[in-house]
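The values are calculated or read from the model by the stated rules, or taken from the named source; none is laboratory data. On a predicted model such as this, the values are computed, not experimentally measured, just so you know. Methodologically, a virtual Cβ is constructed for each residue, glycine included, from the backbone with ideal geometry; neighbour enumeration extends over all protein chains shown.
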Amino acid sequence: MKIAMKKCLLVFFVMNLVGIAVALFLASGLGSDSIGLLCDGIRHVLPISFGNASLIYNLLIIVLAFCIAKENLGLGTVVYALVSGYFIDFYGYVIEVFKVNENVMAVRILSFIIGQCCLSLGLAILIQLKLGMNALDAVLYKIQEKSKLPYAGLRTACDISYVILGTLMGGTFGIGTICSVLLTGTMVSKIIKIIEKLITGDKYEAGKIMGKI
């Protein structure tokens, strides 16, 4: 029960990190991360909110993940799929008050950097603490396991595909998108290693980690 409560709190924390991250990307006007750009494109094609566009995308990818990598799914996967878009909508309304995209470039760049750090940290927590990866990472880790290709490379290739598709559908592409594509996979991998060292000092076991938090 205690471990389950800790998991729920951590998932809630991650949802807030992702919400803040993508809201900052959108507010900066420098371009979103690849998934954010894809969802931005979806909301242009179907006139719906970002949260609903995110829900459509997540439901599609979670079905794929369930078919080929269900052992990587968990509480975090389901919660992420169902509510992450609405956390983004909420923080979008909050951040809109500050008119980030109307500020000087330094403020916009700082907003993007904070967003990128929040996104990478959130994804790393889901993966490292065995809370259930987001559905895309569940698929990518399964491919890594079978092909022995590095996660960072797989993530970057997938991000590029999402960027192209999202841009074609009318999503906002910018220098921030390029930075996110190049950095997300590497940053997530690095943060995972840092968390592992901080908590265990070596290879981890999910139950032991949750007991130490």
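Overview of results
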item: Candidates 17, 30, 55, 38 - the one that is buried (at least 18 other Cβ atoms within 10 Å of the Cβ), of a type in the set (A, V, I, L, M), outside any helix (DSSP H, G or I) and at pLDDT 90 or above; result: 30
item: Of residues in region 63-92 being closer than 17 Å to residue 39 by Cα and among the aromatic types (Phe, Trp, Tyr), the one modelled with the lowest pLDDT; result: 80
item: Check on residue 122, surrounded by 16 or more Cβ atoms within 10 Å (Cβ to Cβ), over 25 Å from residue 191 (Cα atoms) and at pLDDT 90 or above; result: no
item: So residue 106, is it closer than 15 Å to residue 27 by Cα and either part of a helix (DSSP H, G or I) or among the small types (Gly, Ala, Ser) (or both); result: yes
item: Residue in region 20-38 that is closer than 21 Å to residue 180 by Cα and among the charged types (D, E, K, R) present; result: yes
item: Single unsatisfied condition, residue 111 versus (1) within 14 Å of the chain's Cα centre (by Cα); (2) assigned to a helix (DSSP H, G or I); (3) crowded, with 23+ Cβ neighbours inside 10 Å; result: (1)
item: Residue 73 being free of Cβ contacts under 8 Å to residues at least 24 places away in the same chain and closer than 29 Å to residue 194 by Cα; result: no
item: Evaluation of residue 50 against (1) closer than 27 Å to residue 195 by Cα; (2) among the hydrophobic types (A, V, I, L, M, F, W, C); (3) in contact with an Asp or Glu (Cβ under 9 Å, 6 or more places away or on another chain) (one fails), failing number; result: (1)
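Rundown of residues vs (1) over 22 Å from residue 21 (Cβ atoms); (2) at pLDDT below 90; (3) surrounded by fewer than 19 Cβ atoms within 10 Å (Cβ to Cβ); (4) aromatic (Phe, Trp, Tyr), yes/no style:
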position	(1), (2), (3), (4)
144	yes, no, yes, no
157	no, no, yes, no
168	yes, no, yes, no
177	no, no, no, no
182	no, yes, yes, no
188	no, no, no, no
198	no, yes, yes, no
